[in-house]
Amino acid sequence: IVAALGKRAVVLVGMMGAGKSTIGRRMAARLRLPFLDADHEIETAAGMSIPDIFEVHGEPHFRDGEARVIARLLESGPILLATGGGAYVRDETRQRIRDKAISLWLKADADVILRRVKKRDNRPLLKTPDPAGTIARLIEARHPFYEQTDITLDSRDVPHEKIVDEAIVAL
Ligand code: S3P
């Protein structure tokens with residue numbers, strides 16, 4: 001598979017809590033590709049956490065940085081890249097991913113997402129009085145973009161390795 005990918009990266013997209021980092025890490029190990037997490041790279045580049053970037057500089061600034069970091073990572077050859085939930089919505093980023101990578105959407109239901117994100121308090125977009133409503137609105141706005149990926153994978157509550165197997169078959 002890695003040979004077939006050539007210079008292309010594999011990029012995971014999807015909502016927060018869909019399992020992009022967990023599944024991505026395991027997929028990368030199986031495919032023997034370096035795993036990179038865009039959120040983590042943004043934090044390293046900025047020298048601050050994502051909640052702090054949102055708070056200090058605001059979301060538009062975060063989105064610009066996110067697009068730059070992803071553009072840079074896509075130049076690094078075959079890697080497995082997990083992107084933050086909002087990245088693929090940006091036209092320029094979606095186009096770059098289309099040119100340089102095979103894209104996989106990890107699709108998860110709202111209730112699964114809500115349950116998973118509740119475990120960690122690190123999503124600035126969900127610091128609202130109504131996280132469930134916010135998730136529903138984000139899903140509605142983002143699904144038309146996520147549907148444009150090459151491969152869709154159902155992120156259910158099954159063992160991670162099963163989802164990884166499905167991903168590898170689909171690739
Ligand atoms: C965001 C998702 C987060 C992070 C930021 C914004 C989003 O990444 O990039 O909090 O817009 O959905 P994960 O999808 O890895 O949680």
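For Asp157 and Arg72, a Förster radius of 41 Å and the Cβ-Cβ distance give a FRET efficiency of 0.75, rounded to the nearest 0.05.
Is the shape of segment 2-170 rounded, prolate or oblate, going by the alpha carbon gyration tensor and its root eigenvalues a ≥ b ≥ c, with a/c under 1.5 for rounded and a/b larger than b/c for prolate? Judged from the Cα gyration tensor, segment 2-170 comes out oblate (a/c at least 1.5, b/c at or above a/b). Reported to the nearest whole Å, the Cα centre-to-centre distance from segment 105-164 to segment 1-76 is 16.
Residue separation of Asp52 and Val2 scaled by 0.36 nm, minus their Cα-Cα distance, works out to 14.3 nm of gained length.
Stretching Gln95 away from Thr22 to a fully extended chain increases their span by 23.8 nm, per 0.36 nm per residue minus the current alpha-carbon distance.
Between Glu166 and His143, the modelled label-to-label distance comes to 1.6 nm, taking each label 7 Å out from Cα in the direction of the beta carbon.
Placing +1 on the Cβ of every Lys and Arg and -1 on the Cβ of every Asp and Glu, with nothing else charged, gives the chain a dipole about its Cα centre of roughly 380 debye.
Any read-out appearing in this document is the output of simple, stated calculations on the displayed coordinates, not a laboratory observation. Because the structure is a prediction, the values reported are computed rather than measured. Note: ideal-geometry Cβ built from the backbone for every residue, glycine included; neighbour counts use all protein chains shown.
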